[in-house]
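Notes follow the structure.
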Amino acid sequence: MNFFKRLDSYEDYLQKNPFHKLLDIDLNEYGKVEKKLEHSSYRSVDPNLKEAFAPELDDLVRLHYLVTSRNVTTILEFGVGKSSIVFDNALNLNKERCSTFVENNLRRSNPFQCFSVDNNKEWIEVCKNTAKTSHINYHYSPCSVSTFNGRVCTYFENLPNICPDLIYLDGPDQFSPVGDVRGITTNHPDRLPMSADILAIEHFLLPGTLIVVDGRTANARFLKSNLQRSWSYYHDEVFDQHYFELTETPLGVYNKKQIDFCLGDDYYERIE
């Protein structure tokens, strides 16, 4: 199931919304926007890696498009980085288009804000000092190994107390969580990240909420196996992203107003 219309042209979208300039990306050097970057087998599981991953425009264009096409108001982001800058830009566009309607008609207490959670204080400071963002709330939290229904996983120890309509899961990495459960941790190159924060807040989320998981297929399958409400799920294997949409009837008048404005009639067709 698809939760958004396919982009006809990534290049055209980026021309209309040139956020790549905020990332200092030269399109002539980068090449085709939709290309996938290839890395060594151990690059993503190297605990000594100190440099940030290079931006992948195909992923970032899709994230930007999701925020603008769904009229997203509040984002919860796990993992600070290039995506934070993209979210900031997309939320600013939404604010310019939609702020009057949202303020007068919807119950959104954190409109046009992104709350970005990370366990690395130094990286948060780097992002704060280098990224010119006005809609990002950087949130530091330690991260530890724990369990969900007896299954070993990880949790951030504290989260921002918000109600997001988009959640982006791209952190923590598997080497950051501290502690273990009976000797088991995610701190091994053959292990996998296994965040359970979304499961803990699932019953607070509103119908229409979208979760995007960047890669992390094992983590996405863990979520899929343990989410209890009526979620529609789609895995884009080409771009290696997972999507979960909470496809339930509206909770009440305010939730319905939000769905009507942000998602339109297509949403109701998806819940039939």
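The values are calculated or read from the model by the stated rules, or taken from the named source; none is laboratory data. The structure displayed is predicted, hence computed values, not measured ones. A quick note on method: Cβ atoms are made from the backbone with ideal geometry, for glycine too, and the neighbour counts reach across all protein chains shown.
Scan region 220-230 residue by residue and report those that are surrounded by 15 or more Cβ atoms within 10 Å (Cβ to Cβ) and touching a helix residue (DSSP H, G or I) at 6+ places or on another chain (Cβ under 8 Å).
Within region 220-230, L223, N226, L227 meet the criteria.
Quickly run through region 168-199 and pick out the residues that are among the small types (G, A, S), over 29 Å from V61 (Cα atoms) and touching a strand residue (DSSP E or B) at 6+ places or on another chain (Cβ under 7 Å).
Going through region 168-199, the residues among the small types (G, A, S) turn out to be 171, 176, 179, 183, 195-196.
From what is left, the residues that are over 29 Å from V61 (Cα atoms) are 179, 183.
Result: G179, single match.
Which one is nearest to V117 (Cα to Cα) among residues in region 177-208 that are surrounded by fewer than 20 Cβ atoms within 10 Å (Cβ to Cβ) and among the small types (G, A, S)?
A200
Could you list all residues from region 209-219 that are surrounded by 15 or more Cβ atoms within 10 Å (Cβ to Cβ) and not basic (K, R)?
In the first step, residues of region 209-219 are kept if they are surrounded by 15 or more Cβ atoms within 10 Å (Cβ to Cβ); the result is 209-216, 219.
If the condition is that a residue be surrounded by 15 or more Cβ atoms within 10 Å (Cβ to Cβ) and not basic (K, R), then T209, L210, I211, V212, V213, D214, G215, N219 are the ones that fit.
Looking at region 7-21, I want the residues that are under 16 Å from A90 (Cα atoms) and have a partner that is among the charged types (D, E, K, R) with Cβ atoms under 6 Å, at least 6 apart or on another chain. Which pairs are those?
Going by the 6 Å Cβ cut-off, the qualifying pairs are Y10/E34.
Here are some residues: K82, K50. Which one is closer than 29 Å to D197 by Cβ and modelled with pLDDT under 90? Before you say what the answer is, go through the steps one by one.
On the way: K82 fails: modelled with pLDDT under 90.
On inspection, the qualifying residue turns out to be K50.
How many residues are among the hydrophobic types (A, V, I, L, M, F, W, C), more than 21 Å from F87 (Cα to Cα) and without any contact (Cβ under 8 Å) to a residue 40 or more places away in the chain when one looks only at region 104-162?
Of the residues in region 104-162, 1 are among the hydrophobic types (A, V, I, L, M, F, W, C), more than 21 Å from F87 (Cα to Cα) and without any contact (Cβ under 8 Å) to a residue 40 or more places away in the chain.
Determine if region 251-263 includes at least one residue that is hydroxyl-bearing (S, T, Y) and either under 28 Å from V33 (Cα atoms) or touching a Ser or Thr at 6+ places or on another chain (Cβ under 8 Å) (or both).
no
Taking region 189-229 only, how many residues are among the charged types (D, E, K, R) and more than 22 Å from P142 (Cα to Cα)?
Our first condition is that a residue be among the charged types (D, E, K, R); within region 189-229, this holds for 190-191, 197, 202, 214, 216, 221, 224, 229.
Narrowing the set further to residues that are more than 22 Å from P142 (Cα to Cα) leaves 190, 221, 224, 229.
Residues flagged as among the charged types (D, E, K, R) and more than 22 Å from P142 (Cα to Cα) within region 189-229 amount to 4.
Taking region 227-254 on its own, how many of its residues are without any contact (Cβ under 8 Å) to a residue 60 or more places away in the chain and not in a loop (DSSP other than H, G, I, E, B)?
Total satisfying the criteria: 7.
Quick check: is even one residue across region 116-131 in a loop (DSSP other than H, G, I, E, B) and under 18 Å from P18 (Cβ atoms)?
Yes: one or more hits.
Out of region 241-255, which residues are surrounded by 15 or more Cβ atoms within 10 Å (Cβ to Cβ) and not aliphatic (A, V, I, L, M)?
Q241, H242, Y243, F244, E245, T247, E248, P250, N255
So, in region 154-168, exactly how many residues are buried (at least 24 other Cβ atoms within 10 Å of the Cβ) and closer than 18 Å to T217 by Cα?
Count: 2.
Can you say whether D173 is within 27 Å of Y140 (Cα to Cα) and not aliphatic (A, V, I, L, M), as far as the supplied structure shows?
The answer is yes for D173.
Where residues in region 75-91 are assigned to a helix (DSSP H, G or I) and of a type outside the set (A, V, I, L, M), which of them is surrounded by the most Cβ atoms within 10 Å (Cβ to Cβ)? Show your work before the answer.
The initial filter retains those residues of region 75-91 that are assigned to a helix (DSSP H, G or I), namely 82-91.
Narrowing further to those that are of a type outside the set (A, V, I, L, M): 82-84, 87-89.
On the way: K82: 23, S83: 23, S84: 24, F87: 27, D88: 23, N89: 23.
Among them, the one singled out is F87.
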